[in-house]
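Shown next, in structure tokens, is the structure this report addresses.
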Amino acid sequence: WQEPVTFEDVAVYLSRAEWDAIAEGQRELYRSVTLDNYELLTSLGYPGPKPDILYRMERGEEPWV
């Protein structure tokens, strides 16, 4: 028996210092991969709540924690 994968299992969270240290292209890639991971999980039936980081990204806010 396996437990289902959650968003937290695949998420990578960056601190503000880490976010500030990466180039804009890397930031766009981070956003894209984070959204893709969530979309893939939901397509597989992930029942969890939408993570706060996604709400922040949708509002155009920086996703660092």
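Can you run down the residue pairs with Cβ atoms below 9 Å, 6 or more apart or on separate chains, where the first is in segment 2-30 and under 20 Å from residue 52 (Cα atoms) and the partner is of a type in the set (D, E, K, R)?
Cβ pairs passing all conditions: 7/50; 16/62; 19/27; 19/62; 27/62.
Output the residues belonging to segment 14-65 that are outside any helix (DSSP H, G or I) and either among the polar types (S, T, N, Q) or within 12 Å of the chain's Cα centre (by Cα) (or both). Explain how you work it out, then say what you get.
Residues of segment 14-65 outside any helix (DSSP H, G or I): 14-15, 22-23, 44-51, 59-65.
Once the filter is applied, which keeps residues that are outside any helix (DSSP H, G or I) and either among the polar types (S, T, N, Q) or within 12 Å of the chain's Cα centre (by Cα) (or both), segment 14-65 yields 14, 15, 50, 51, 62, 63, 64, 65.
Please verify whether segment 5-19 includes one or more residues that are at pLDDT 95 or above and charged (D, E, K, R).
Looking for residues that are at pLDDT 95 or above and charged (D, E, K, R), one finds at least one in segment 5-19, hence yes.
Taking segment 35-56 as the region of interest, how many residues are small (Gly, Ala, Ser) and open to solvent by 70 Å² or more (accessible area, probe 1.4 Å)? Lay out the reasoning, then the answer.
So in segment 35-56, the residues small (Gly, Ala, Ser) come out as 43, 45, 48.
Next, from what is left, pick out any that are open to solvent by 70 Å² or more (accessible area, probe 1.4 Å): 43.
So the count comes out to 1.
Which ones in segment 22-34 are more than 13 Å from residue 62 (Cβ to Cβ) and open to solvent by 70 Å² or more (accessible area, probe 1.4 Å)? Quick ask: steps written out before the conclusion?
Initially, segment 22-34 is screened for residues more than 13 Å from residue 62 (Cβ to Cβ), giving 23, 25-26, 29, 32-33.
Selection gives 26, 29.
Select from segment 1-13 the residues that are part of a loop (DSSP other than H, G, I, E, B) and touching a helix residue (DSSP H, G or I) at 6+ places or on another chain (Cβ under 8 Å) and write down the one among them that is least open to solvent (accessible area, probe 1.4 Å).
Kept after step one, since they are part of a loop (DSSP other than H, G, I, E, B), are these residues of segment 1-13: 1-6, 11-13.
Subsequent filtering for residues that are touching a helix residue (DSSP H, G or I) at 6+ places or on another chain (Cβ under 8 Å) retains 5-6, 11-13.
Working: 5: 78, 6: 49, 11: 28, 12: 90, 13: 81 Å².
The selected residue is 11.
So which pairs qualify, if the first residue must be in segment 39-62 and within 18 Å of residue 13 (Cα to Cα), the second must be of a type outside the set (D, E, K, R) and surrounded by fewer than 12 Cβ atoms within 10 Å (Cβ to Cβ), the Cβ gap must be under 8 Å, and the two must be at least 6 apart or on different chains?
Once the first residue is within 18 Å of residue 13 (Cα to Cα) and sits in segment 39-62, no partner that is of a type outside the set (D, E, K, R) and surrounded by fewer than 12 Cβ atoms within 10 Å (Cβ to Cβ) comes close enough.
The values are calculated or read from the model by the stated rules, or taken from the named source; none is laboratory data. Here the structure is a predicted model, which is why all the values come from computation and not from measurement. All Cβ positions, glycine included, derive from the backbone under ideal geometry; neighbour counts span all protein chains shown. We work out accessible area using only protein heavy atoms, side chains counted, and drop any ligands, DNA or RNA first. Shrake-Rupley method; radii C 1.70, N 1.55, O 1.52, S 1.80 Å.
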